[in-house]
Amino acid sequence: MQKNPYIPAPVKVEKIITEVDTKDIKTFRLDFLNQEDKEAFTYLPGQFAELSIFGKGESPIGIASSPTDPDYIEFTVQKAGVVTTALHNFEEGTLMGVRGPLGNSWPLDYLKGKDVVLVGGGFAFTTIRSLINYMLDDKNRADFGKITAIYGARNPGLLLYRDELALWQKRDDIDMHVTVDKGDENWTGREGFVPTVCKDVAPSSNNAVTLICGPPIMIRFTLPVFFELGFSKENIYTSLEMRMKCGIGKCGRCNVGSKYVCKDGPVFSLAELDELTPEY
Amino acid sequence: MNSIEEKIREEAKRLLDEKKVDVVIGYETGTLPLQTAPCFITSSDEVDKLVWNPCCKQNLAIYVHSALTQHRESQKRVKPEDKKAKIVAVVARGCTSRSLVIHLQEKQYNREDLVIIGVPCQGYIDKNKLEAKVDGLEVITGSIDGDAIKVETSKGKTELSLIEVTADNCLECRFCNPVIHDFMAGEAIPVYESDDEFAVVDEFAALPEADRWDYFSAEMNKCMRCYACRNICPSCYCKVCFVEQSQPEWVGAGVNPSDNQVFQIMRMFHMAGRCVDCGSCVEVCAEGVDLRKFLKKLDKDDLDLYEHRAGAELDKEAPLSTFRENDAESFIFEPK
Amino acid sequence: MEAKLIKKAALGDIVKKIAGQKPVYAPVKEGSKVHFKFLAKGESPFLAYANSVNAPKNLFFPQTETLMHYTKTARGNELVEESETFSEMVLFGVRPCDVRSFKLLDMVFDQKQYSDPYYVEKRERTTIIALACRQPPFSTCFCTSVGGHPAQADGADILISELDDDYLVEFLSPKGEKLIKLFGDLRAADEAALNRKKELSDEAVAAIKSHIPATEIKTWLDSNFEHPFWDSIHQGCLACGTCSYLCPTCHCFDIRDEAQGDDGIRLRTWDSCMYSIYSQETSGHNPRPGQKQRWRQRLMHKFKYFVDNYDAISCVGCGRCVMSCPVNTDIRKIVNDIAKLN
C-alpha cells in the first residue's frame, strides 16, 4: 500500500544556524530518525517540503541543501507565522516532522549543456543555493555550461550563507556576484540593486537559461533586463510562493488557473506563467 | 407594482440621474419563488429591478457598511486631489434604519455618505415557518395576493395567510417605520401592538436549567460554522473576527459542540445593545439554528437595565460604550 | 448484474436489517429538514425524501476529520502510531447526482501519485445503494445539463428504482451482490419491469425543467478571465460558503492542529474558496483579494479548471447551492448569463 502522504517523517533538529544580523532567518539542519525515511526522501533542487510541528501545524519551505550532500537536509526559514515562530524558538536536538519532498524542481534536464544564470534577492535565495551546490558538485559540474550567479540583499547583515558565498567567489567554475543595496563601513564588495548588477554583468543569452527568485519588486525590475539581453520567456524561470496546506494537489488552496502550485510548481517558466491566471 | 415600489424606483432614478448617489442598494426579484436578492443599482436604466414586498428579507445595512468601508480602503493610496467621495442610497425598513443608526453611532461612516430611502414595513415571510407549513417540501411556485400566499408543492396547491408565515420578530416589531430617513416611500404605518414582545424570553427562562441547556446544545449542534449569521449581521463588521484569528486561536477549526457554542456565545455577547432583532441571522441559516431566543434575551436586558433599544435614537448613547454612575451593575456584584 | 423486484413496503425493513449488521448512512428527517446520518439502532431511513440538505460526501470526506494524533514526550511532540481501520459501511438512498459526485471526488482524492488514504479507505469499504429519481426532486435540479441522469447511477453498487408497486433492485457490482441475501425474498425482474423502468426513467429526464449551458460556456471562460461580467455577480454574496459546504463536489480543505494538554490532533476541516482567509498569505498578500475574484474562482474551478484537468464538470446539478444560498445567488442564472455573452 502507498504511504500515507499526510504523515510527516520524524526528524531531529541537528543544527541551527542564525543567518542574518536581524536574527529572524535561521537555517535548520535536520536529520531523519529512521533510515528508511531518509532513503525515501530523494529530492532535487527547487523542491520543497512541509515542515511539521505538532501542535502548531505545517509550513511549506524550499529545500536549501543539495541532494549531493546526502547526510542531512537543510531549510532556511524566516520567522513569520505560527509555525515558523515556533521553529525559531526550537533548540538543537528537538524533534519535529518533515513531509516531502514536494513539487517539481528547477528544470535540471533542460539546463544540461546550457549556460545557467542564477539571480536571487534577499531571503529567496534558498533553493538557488541548493542548485548551486548541486551543479558545482564534481559529478555534475560537467553537465552544465558557464554558471553565473547574482545575489543581492538590502545590506551585508542580511546576506545568507556568507561562508559559502565567499568560497564561491574564489572559485573559477562559477562567476559569483554578491551585491548589497547599501554597504556598511566593513563592506568592500559591490553596491547596487540586483537589476543594475544584472545589466552590468550582462550574461549572454546564447544557449542560456536564467532562474530568478526574489521579492516581487526585484523580479519586476529584473525581467526587462533579461528581455533586453535576449532571453526568451521559455528561458526565464522562477519559483512561486503560495499559501499551501496539503502539498499534494488536493486541498485546493494553491490553485492558480488549472494548475496547483504545490504539485505542478513551484517552478514555472515565464512562458508557463503567461498561461496561468495572475492570481499568485 | 405597488405604490411603495413605485416610489422607491422614482426616488432611485432621481438620485442616480441627479448624481446624488453612486449606488442604490435595494431588493430585486430572485430566481426562486418568494425570494428576493439584494441588488446594487448604479444606473437609472436599471431602477425597474427594484422591488418591495414581503419577500424582502435581509437587513441591507451590512452592504452599506461594506460598500463604504471598501471605498474608504480604495481611497487610501489616492492623492488628496484625486480622492473621490462615494454616496450610497439604501432601501431601509425600520430594522435596517436602526442598524444604520448603530453604524453612525459607532462612527463607521458619516451621515452624508448615506441616503436613506425609508419604507414602512409589515414584516417578511419567515423561511423556516413557511418550510414547516409545507412540511419541508419545495415551494415550486408562490405568489402573494393581499394577505394571502398561494404556494404550490409536489403535494399540490395550498393557500396560507401571510400572517401565519410572517417572522416572529416582525410580528413583535415596534419599528415598522424607519427611525431615520431622507425620503419616505409611503405613509408611515401603525406598529403591531404586541402584548408581550419578550414572551419568548420569559417562557424559555421559566424552563429548568437542564432543559434550557439541552435546547441550546441541540441548536448549536446544527451549526455548520459557515458564519452566514455573522456575515449578514450589520453589527458584525469587525475586520478580522475572533474566530479567524490564529495568534492566539480562540476557537478551534473543527466543528464540535463546544467550539460551535463558543463562537455563537461570543458573537451573541457582542450583540448586547447592538441587536435590532431584524432576524437576518436566522433567515440566512441553511440549518435553521434558533438564535433569536438568545439574542432577544440580550435585547430585554438592554431595555430592562438601561432603558435602551439598539439603534432606536441617533442621539442616545449606547449603554455598553457609555458609563453612568447609576448604571445597573447588580449582575456584577450580586449575580444570580 | 442481477435485477430483482421487491414490494415497495418491504424496503424500509430491509434497510433496518442491514443497519443491524453494519453502519448505514442514510437520509433521516429531523423537523422539516432531511440530512444524511448514521441510522440509530432500529431507526428507519426516510424514504419519501426529495434530497438531503447536506451532501452525502460527508461520509467519505467529513467536515472535520482527525488525520493523526500526537503526544508530548521528553523529546518533543511525537506522532502516535495508530492503524485506524474503518468498518464496512452502507450508504443508502443516494440520489444519482450524488453518486456521480463520488466519481468526481475520486479524481481528486484517488490519484496515482498521491492517494488520499482517509477518503479512499472509507470509499472502498462502503457499499453504495442509490435511489433513482422517479421525479426530479426539485425544480432546481439540472443534472442532465452536467452529464448526469436522474435514473442512472454509474458508480453505485446497487441501484433501486421505484416502479408502481415494486422497487426494481439492480445489483451492479460484486460489492452490491454481497448484500443480496439481506434483501430477503426477491423476485426476478421480468421484461415488463425493465421496460417500465425505462419508461419512468425517460419521464424523469423529460420532467427536468432546469437546463444550463454548462459545457457551452467553457470557451468563453477560456478567454475571459478579465471581463466586466465578473463585476456583476458577487456583490450580494455574504462569503458564507454555504454553497461549498453543501456542494457534493467541493473538496477544498484546511489542515490544522489542536492541542489539549499533552495530547493533540491534526485535523482536516472543510474550507471554501469563498472565504478571504482561504488564500490569505502570512505576509498579508492575498492573491484573491475580493469576493469578485473568489466568485470567479468558484465558477472557473467548476466549469473550466476541473474540465481542463479531468475532462469533467465539477458540478452534478443537485441544486443545493441554488436553494440554500441565503441571498439567492443562482449558479444557473450565472451560467445562463455567461452563455448570452458568448
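It is to be established whether one or more residues within the stretch B:271-280 are within 15 Å of the chain's Cα centre (by Cα), part of a helix (DSSP H, G or I) and facing another protein chain (nearest Cβ under 10 Å). Looking through the stretch B:271-280, at least one residue is within 15 Å of the chain's Cα centre (by Cα), part of a helix (DSSP H, G or I) and facing another protein chain (nearest Cβ under 10 Å). Could you list, ordered by first residue, the pairs with Cβ atoms under 6 Å in which the first is in the stretch C:292-313 and within 8 Å of another protein chain (Cβ to nearest Cβ) and the second is open to solvent by 10 Å² or more (accessible area, probe 1.4 Å) and of a type outside the set (Lys, Arg), at least 6 apart or interchain? Pairs found: C:Gln297/C:Cys273; C:Tyr305/A:Ser258; C:Asp308/A:Ser258; C:Asn309/A:Ser258. Among the residues that make up the stretch C:37-54, is at least one of them touching a helix residue (DSSP H, G or I) at 6+ places or on another chain (Cβ under 8 Å) and not in a loop (DSSP other than H, G, I, E, B)? Within the stretch C:37-54, none of the residues are touching a helix residue (DSSP H, G or I) at 6+ places or on another chain (Cβ under 8 Å) and not in a loop (DSSP other than H, G, I, E, B).
Those helices (runs of 4 or more DSSP H) of the stretch B:148-216 in which 3 or more residues are open to solvent by 70 Å² or more (accessible area, probe 1.4 Å), under 30 Å from C:Ser139 (Cα atoms) and free of Cβ contacts under 8 Å to residues at least 60 places away in the same chain are absent. In the stretch B:237-254, the residue that is most open to solvent (accessible area, probe 1.4 Å) out of those that are in a loop (DSSP other than H, G, I, E, B) and of a type in the set (Val, Ile, Thr) is B:Val240. The residue that is least open to solvent (accessible area, probe 1.4 Å), among those in the stretch A:1-44 that are under 23 Å from A:Arg243 (Cβ atoms), more than 10 Å from every other protein chain (Cβ to nearest Cβ) and in a loop (DSSP other than H, G, I, E, B), is A:Tyr43.
Residues in the stretch C:263-283 that are at the interface with chain A (Cβ under 10 Å from one of its Cβ atoms) and not in a strand (DSSP E or B): C:Asp271, C:Ser272, C:Cys273, C:Ile277, C:Tyr278, C:Ser279, C:Gln280, C:Glu281, C:Thr282, C:Ser283. In this entry, B:Tyr27 passes the filter for residues that are within 14 Å of chain C (Cβ to nearest Cβ) and in contact (Cβ under 8 Å) with a residue 60 or more places away in the chain.
For the stretch B:175-210, name all the residues that are of a type in the set (Asp, Glu) and either over 26 Å from B:Glu10 (Cβ atoms) or out of contact with any strand residue (DSSP E or B) (no Cβ under 7 Å at 6 or more places or on another chain) (or both).
We begin by selecting, within the stretch B:175-210, every residue of a type in the set (Asp, Glu); these are B:182, B:187, B:193, B:195-197, B:202-203, B:209.
Passing the criteria: B:Glu187, B:Glu193, B:Asp195, B:Asp196, B:Glu197, B:Asp202, B:Glu203, B:Glu209.
How do the helices (runs of 4 or more DSSP H) wholly within the stretch A:169-280 filter down when requiring 1 or more residues that are touching a helix residue (DSSP H, G or I) at 6+ places or on another chain (Cβ under 8 Å) and surrounded by fewer than 21 Cβ atoms within 10 Å (Cβ to Cβ): which remain? In the stretch A:169-280, A:194-201, A:216-228, A:270-275 are the helices (runs of 4 or more DSSP H) which contain 1 or more residues that are touching a helix residue (DSSP H, G or I) at 6+ places or on another chain (Cβ under 8 Å) and surrounded by fewer than 21 Cβ atoms within 10 Å (Cβ to Cβ).
Taking helices (runs of 4 or more DSSP H) that fall entirely within the stretch A:53-141, which contain at least 2 residues that are under 25 Å from A:Leu158 (Cα atoms)? Give the derivation first.
Numbers: elements: A:82-88, A:108-111, A:126-136.
It comes to A:82-88, A:126-136.
With respect to (1) away from chain C (no Cβ under 14 Å); (2) farther than 30 Å from B:Arg72 by Cα, the lone exception for B:Met184 is condition (2). Taking C:Ile208 as the residue in question, decide whether it is under 17 Å from C:Thr144 (Cβ atoms), within 14 Å of chain B (Cβ to nearest Cβ) and open to solvent by less than 10 Å² (accessible area, probe 1.4 Å). Yes; evaluated as a whole, the condition is true for this residue. On the stretch given as the stretch A:111-144, residues that are over 24 Å from A:Glu19 (Cβ atoms), open to solvent by 10 Å² or more (accessible area, probe 1.4 Å) and in contact with a helix residue (DSSP H, G or I) (Cβ under 9 Å, 6 or more places away or on another chain) total 7. Scan the stretch A:78-98 and give yes if some residue there is touching a helix residue (DSSP H, G or I) at 6+ places or on another chain (Cβ under 6 Å), modelled with pLDDT of 90 or more and more than 11 Å from chain C (Cβ to nearest Cβ), otherwise no. Within the stretch A:78-98 (the criterion being touching a helix residue (DSSP H, G or I) at 6+ places or on another chain (Cβ under 6 Å), modelled with pLDDT of 90 or more and more than 11 Å from chain C (Cβ to nearest Cβ)), the answer is no, since none of the residues qualifies. Could you check, for the stretch B:105-119, whether at least one of its residues is open to solvent by 20 Å² or more (accessible area, probe 1.4 Å), part of a strand (DSSP E or B) and either within 13 Å of another protein chain (Cβ to nearest Cβ) or out of contact with any Pro (no Cβ under 6 Å at 6 or more places or on another chain) (or both)? There is at least one residue in the stretch B:105-119 that is open to solvent by 20 Å² or more (accessible area, probe 1.4 Å), part of a strand (DSSP E or B) and either within 13 Å of another protein chain (Cβ to nearest Cβ) or out of contact with any Pro (no Cβ under 6 Å at 6 or more places or on another chain) (or both).
When the stretch A:188-218 is filtered for residues that are of a type outside the set (Ser, Thr, Tyr), free of Cβ contacts under 8 Å to residues at least 40 places away in the same chain and at negative phi, the ones remaining, listed by number, are A:Gly189, A:Arg190, A:Glu191, A:Pro195, A:Lys199, A:Asp200, A:Pro216, A:Ile217.
Has the stretch B:271-286 got at least one residue that is open to solvent by 70 Å² or more (accessible area, probe 1.4 Å) and not aromatic (Phe, Trp, Tyr)?
Our first condition is that a residue be open to solvent by 70 Å² or more (accessible area, probe 1.4 Å); within the stretch B:271-286, this holds for none.
No, every residue in the stretch B:271-286 fails to be open to solvent by 70 Å² or more (accessible area, probe 1.4 Å) and not aromatic (Phe, Trp, Tyr).
Close Cβ contacts (under 7 Å, 6 or more residues apart or on different chains) running from residues in the stretch C:44-57 that are within 10 Å of another protein chain (Cβ to nearest Cβ) to residues that are in a helix (DSSP H, G or I) comprise C:Val53/C:Leu246; C:Asn54/C:Leu246.
Conditions tested, residue by residue: (1) open to solvent by 20 Å² or more (accessible area, probe 1.4 Å); (2) under 16 Å from the mean Cα position of the chain (by Cα); (3) within 14 Å of chain B (Cβ to nearest Cβ); (4) farther than 28 Å from A:Phe54 by Cα.
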residue	(1), (2), (3), (4)
C:Lys33	yes, no, yes, yes
C:Ala40	yes, no, no, yes
C:Leu59	no, yes, no, no
C:Val94	no, yes, no, yes
C:Ser115	yes, no, no, no
C:Cys133	no, yes, yes, yes
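Among the residues of the stretch C:64-77, are any closer than 25 Å to C:Cys315 by Cβ and touching a strand residue (DSSP E or B) at 6+ places or on another chain (Cβ under 6 Å)? Within the stretch C:64-77 (the criterion being closer than 25 Å to C:Cys315 by Cβ and touching a strand residue (DSSP E or B) at 6+ places or on another chain (Cβ under 6 Å)), the answer is yes, since at least one residue qualifies. On the given criteria, is B:Asp327 open to solvent by less than 20 Å² (accessible area, probe 1.4 Å), touching a residue at least 12 places away in the same chain (Cβ under 8 Å) and acidic (Asp, Glu)? No; evaluated as a whole, the condition is false for this residue. Return a yes/no flag: does the stretch C:225-235 have any residue that is within 19 Å of C:Asn51 (Cα to Cα), β-branched (Val, Ile, Thr), surrounded by 20 or more Cβ atoms within 10 Å (Cβ to Cβ) and out of contact with any strand residue (DSSP E or B) (no Cβ under 9 Å at 6 or more places or on another chain). No: zero hits. Of all the listed residues (A:Ser269, A:Ser232), the sole one being farther than 18 Å from C:Thr282 by Cβ, polar (S, T, N, Q), out of contact with any Gly (no Cβ under 9 Å at 6 or more places or on another chain) and in contact (Cβ under 8 Å) with a residue 60 or more places away in the chain is A:Ser269.
Within the stretch C:267-283, the presence of at least one residue that is among the acidic types (Asp, Glu), within 30 Å of C:Met68 (Cα to Cα) and not assigned by TED's automatic domain parsing to the domain that holds C:Ile160 is confirmed.
The values are calculated or read from the model by the stated rules, or taken from the named source; none is laboratory data. What you see is a predicted model; the values in this text were computed from it and never measured. Cβ: placed from backbone, ideal geometry, glycine included. Neighbour counts: every protein chain shown. To get the accessible areas, we keep the full protein, side chains included, count just its heavy atoms, and leave off ligands, DNA and RNA. Shrake-Rupley method; radii C 1.70, N 1.55, O 1.52, S 1.80 Å.
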